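See structure below.
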């Protein structure tokens, strides 16, 4: 199983709007691709000295082929949509991991 993790730092002034948007629009769009088998949204409790809140979205896939399909066909559009809505008020970085247990 593959884990696609998106860690996002969200500025305080957009936090509430962003959280509603994630729950009602973005996550359903990601899952609507049909490529992911599960997901989790987590909030970091041990924040570094930064402004804002940090979340990790974990999306689980069966294999790397499904991730490649997402990365090529869906990822750029969904990332652009996020940036268009919130600009640099949310900063994201992405990691790809293999579940070993």
Residues of the stretch 7-45 being under 17 Å from residue 69 (Cα atoms) and either in contact with a helix residue (DSSP H, G or I) (Cβ under 8 Å, 6 or more places away or on another chain) or in a strand (DSSP E or B) (or both), in sequence order, are 29, 30, 33, 35, 36, 37, 38
> Being loosely packed, with under 12 Cβ neighbours inside 10 Å, farther than 21 Å from residue 1 by Cα and out of contact with any strand residue (DSSP E or B) (no Cβ under 6 Å at 6 or more places or on another chain), is that true of even one residue in the stretch 39-46?
Replying inline: yes
Within the stretch 60-77, residues being surrounded by 12 or more Cβ atoms within 10 Å (Cβ to Cβ) and either farther than 23 Å from residue 1 by Cβ or in contact with a helix residue (DSSP H, G or I) (Cβ under 6 Å, 6 or more places away or on another chain) (or both) number 1
Looking at the stretch 63-81, can you tell me whether even one residue there is assigned to a strand (DSSP E or B) and within 13 Å of the chain's Cα centre (by Cα)?
no
Residue set 83, 67, 60; condition farther than 18 Å from residue 12 by Cβ and in contact (Cβ under 8 Å) with a residue 60 or more places away in the chain; output residue 67
Check your understanding: When you look at residue 55, is it within 12 Å of residue 4 (Cβ to Cβ), without any contact (Cβ under 8 Å) to a residue 60 or more places away in the chain and either part of a loop (DSSP other than H, G, I, E, B) or under 16 Å from the mean Cα position of the chain (by Cα) (or both), yes or no?
Key -> no
### Query
in contact with a helix residue (DSSP H, G or I) (Cβ under 8 Å, 6 or more places away or on another chain) and in contact (Cβ under 8 Å) with a residue 12 or more places away in the chain, is that true of residue 97?
no
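Laboratory data are not the source of any read-out in this text; all were calculated from the coordinates shown. Not measured: the values here are computed from a predicted model. We place every Cβ from the backbone using ideal geometry, glycine too, and count neighbours over all the protein chains shown.
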